[in-house]
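Undergrad: Dropping a structure here in structure tokens format, bear with me for questions.
The values are calculated or read from the model by the stated rules, or taken from the named source; none is laboratory data. All figures in this text were calculated on a predicted structure; none of them were measured in a lab. Cβ placement follows ideal geometry from the backbone for every residue including glycine, while neighbour counts extend to all protein chains displayed. Accessible surface is based on the protein model in full, side chains and every heavy atom, while ligands, DNA and RNA are left aside. Shrake-Rupley method; radii C 1.70, N 1.55, O 1.52, S 1.80 Å.
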Amino acid sequence: MSTKSRPAVRPVVGSRLSGLVSGVEALSQPASTTLPVSVLQAGTFQPRVHFAPDALEDLARSIREQGVLQPLLVRPLAGGRYEIVAGERRWRAAGLAGLAEVPVLIRDLDDSQARLAAAVENLQRENLNVIEEVRARLQVAAAALNVPEAEAVARMFALDRAPEADPEAVARLDTTFGALGRESWRSFIRNRAAVLNLPDNVQAAVRAGLDYRKALIVGRVADADARAKLLQSAEAGATVQELRVQVAPAAVPGENWQAVARRLSHKRALDSLDPARRKKIERLLGQVQALLDGE
């Protein structure tokens, strides 16, 4: 198995969530049986919406040589068919490789459990792009809150503003995102969740490797032609700051000060800052005050 053809797996994510998500423990277990490729179907809760043809062909070549080394997690459906909960990419590549059967683990999972298991399996892989990772984390959050994915971000913003309204939900989010690692749920909704609302061409650029911070700046441009030109600039290597300058209109003297003053007077904007950033701003404000006082 080559490093290129098989994505790296981070089982620590699954092990941290094994007590929270039914079915996750199966992701690291050996196959219990095999099933024909023809009786399997794509999963309802697959976070991945794009399977690069070249990468699938690469994986198919590896499967022809060594077979499917990690079993698929599936759940039974009516009529002798099975839905893939985790492992759709391996199933697609196995079909390209000409395999008649693939190794599987069969588990009876409800929709909530299947959604979580699918998300966690994807989060264990190193080669997720930002769009896929954000979708997977959103699935985990939606399941933790027991709300549809379309409502999860709004619900998290509401809990961020008023955590006392549902402390149990806040605790579930803290525990779940703590197990996932990398970022808190508050950081997630403020910094990365917005990528799912980007225009299709900007999302495609993110899947191709564009930094999501640049993509968010490009996505704020309403005019399609102007956005396309800015996207070209971003893909050509423009920095985040250069993109911001291109987007921002020329400032009228004094407007920057007024805009900063308005933001500093907005309590919600200040409350949304993490402690380190707030401390830095307070330090800078002290320096400004000293300059104004002539010190």
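Undergrad: Please tell me if Asn146 is free of Cβ contacts under 8 Å to residues at least 60 places away in the same chain, within 25 Å of Asn197 (Cα to Cα) and of a type in the set (S, T, N, Q).
TA: yes
Undergrad: Only one of (1) surrounded by 15 or more Cβ atoms within 10 Å (Cβ to Cβ); (2) more than 28 Å from the chain's Cα centre (by Cα); (3) not small (Gly, Ala, Ser) fails for Pro36. Which number is that?
TA: So Pro36 meets the others, but not (1).
Undergrad: From the set of residues in segment 197-225 that are under 14 Å from the mean Cα position of the chain (by Cα) and among the polar types (S, T, N, Q), which is farthest from Leu138 (Cα to Cα)?
TA: Gln203
Undergrad: Next up: For the subset of segment 39-92 comprising residues that are under 20 Å from Leu105 (Cα atoms), open to solvent by 50 Å² or more (accessible area, probe 1.4 Å) and charged (D, E, K, R), which member is nearest to the chain's Cα centre (by Cα)?
TA: My answer is Arg92.
Undergrad: Out of segment 81-117, which residues are out of contact with any helix residue (DSSP H, G or I) (no Cβ under 9 Å at 6 or more places or on another chain) and closer than 10 Å to Leu40 by Cβ?
TA: Residue satisfying the conditions is Val104 alone.
Undergrad: Does Ala158 satisfy the condition of being exposed (fewer than 15 other Cβ atoms within 10 Å of the Cβ), part of a helix (DSSP H, G or I) and hydrophobic (A, V, I, L, M, F, W, C)?
TA: So Ala158 passes the test.
Undergrad: For segment 206-226, what are the residues that are in a loop (DSSP other than H, G, I, E, B), surrounded by fewer than 19 Cβ atoms within 10 Å (Cβ to Cβ) and of a type outside the set (D, E, K, R)?
TA: Within segment 206-226, Ala208, Gly209, Ala222 meet the criteria.
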